[in-house]
Structure formats: structure tokens, C-alpha cells
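One structure below.
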Amino acid sequence: MSYRYRCGTCRATSPALPGRRAAHAARDRHRDQVHGGLVPDGELLWPETGLTLPARRLLIGLGIGGTVMGVWNWVASHR
Ligand SMILES: [Zn+2]
């Protein structure tokens with residue numbers, strides 16, 4: 001699976017990188033070369049799934065919301 005790295009400070013996203021190890025290497029290189037080894041704000045590193053980041057966040061949010069509602073319903077029906 002390929003990965004992408006994004007630096008929120010530079011507003012720049014890497015091309016698809018072959019694997020998590022390559023993505024971590026690209027992140028470390030960027031930190032060293034551009035930010036003097038510091039960790040910039042707004043860093044993201046994610047697996048390339050073909051979905052955009054807002055779409056992934058929406059799906060994750062729906063999953064969490066559904067789980068919370070399911071637990072709530074279970075608790076409410078077992079009192
Ligand atoms: Zn940067």
C-alpha cells in the first residue's frame with residue numbers, strides 16, 4: 001500500500017510513497033531539510049486508499065457515530 005505525507009505548515013503533500021517506511025523517511029527528510037529537524041504543525045501521514053481526506057474523515061465519523069448510537073441503544077434497552 002502506498003502512503004502520502006503532508007506538511008500543514010508548508011501546505012505541501014508528497015507524491016504516493018511505496019510503503020510506511022518510505023513515508024516515514026520522506027517525513028524525516030522534510031523535517032531535517034525544511035524545518036531544521038523540528039516537527040512542523042499539521043503533519044499528516046496516511047495510507048492511500050483512493051478516498052480524499054474529507055471522505056475518509058466522513059466515513060470514520062459515521063463509524064464512530066454509529067457505534068456510539070448502537071451502544072446507547074443497547075444500554076437503554078437493558079435497563
Ligand atoms: Zn514543511
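Numerical summary
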| read-out | value |
| --- | --- |
| Principal-axis tilt of helix 53-77 within the chain, Cα atoms, nearest 10 degrees | 30 degrees |
| The chain, helix-only ellipticity at 222 nm - DSSP H runs n ≥ 4, -39,500 (n - 2.57), divided by all residues, nearest 500 | -18000 deg cm²/dmol |
| Exposure proxy ranking, count of Cβ atoms within 10 Å, fewest first, for Glu43, Glu48 | Glu48, Glu43 |
| Backbone HN-Hα couplings from phi across region 29-36 [Karplus 6.51/-1.76/1.60, Hz, Gly and Pro as x] | 5, 5, 4, 5, 6, 9, 10, x |
| Theoretical FRET efficiency, 1/(1+(r/R0)^6), r = Cβ-Cβ of Leu44 and Arg79, R0 35 Å, to 0.05 | 0.25 |
| Built amide H within the under 5 Å cut-off of Glu43, gap 5+ | Gly8 |
| Total charge dipole magnitude, the chain, about the Cα centre, Cβ charges on Lys, Arg, Asp, Glu only, Debye to nearest 20 | 100 debye |
| Neighbour net charge for Gly63 - beta-carbon separation under 14 angstrom, K R +1, D E -1 | +2 |
| Mean Cβ count within 10 Å, highest first, over the residues of peptides 68-79, 8-19 | 8-19, 68-79 |
| Spin-label pair Arg31/Leu59, simplified geometry with 7 Å Cα→Cβ offset, distance in nm | 2.8 nm |
| Principal semi-axes in Å for the chain [√(5λ), Cα gyration tensor, largest first] | 36, 14, 11 |
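Every read-out reported here was derived from the displayed coordinates using simple, explicitly stated rules and does not represent laboratory data. Keep in mind the model is a prediction, meaning the values are calculated, not measured. With ideal geometry, Cβ positions are generated from the backbone for all residues, glycine too; neighbour counts draw on all protein chains shown.
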